[in-house]
């Protein structure tokens, strides 16, 4: 028995799979960029508000029940915080937190 492979359909299938993979990667990349932009804006708002109120990282940490190093890591972009962490910070600083499903 001889197996015949249609190279044209094989390459078309490969190109289709590769294109689909790249489109999925691009979508995930765009979503990541949007999330990072949002987090950067959030960090800037928190830092600005904290400084306006004259609150140190240590004081903010004590008020939300965490360590100063956690506040520092958040402000320096070294962690992606959980929602509860963000909610506590915004409450203490008097900021509004808006969540959207857009």
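A few notes on this one:
- Among residues of region 78-95 that are farther than 14 Å from residue 45 by Cβ, those with a beta-carbon under 8 Å from a residue that is modelled with pLDDT of 95 or more and exposed (fewer than 10 other Cβ atoms within 10 Å of the Cβ) at least six positions away or on a different chain give the pairs 88/65.
- When each of 73, 67 is tested for being at negative phi and under 17 Å from the mean Cα position of the chain (by Cα), the lone residue that passes is 73.
- Unique residue being in a helix (DSSP H, G or I), out of contact with any helix residue (DSSP H, G or I) (no Cβ under 6 Å at 6 or more places or on another chain) and more than 29 Å from residue 31 (Cα to Cα) when the list is 86, 52: 52
The values are calculated or read from the model by the stated rules, or taken from the named source; none is laboratory data. Values in this document were obtained by computation on a predicted structure and should not be read as measured data. Positions of Cβ are backbone-derived with ideal geometry, glycine not excepted, and every protein chain shown enters the neighbour counts.
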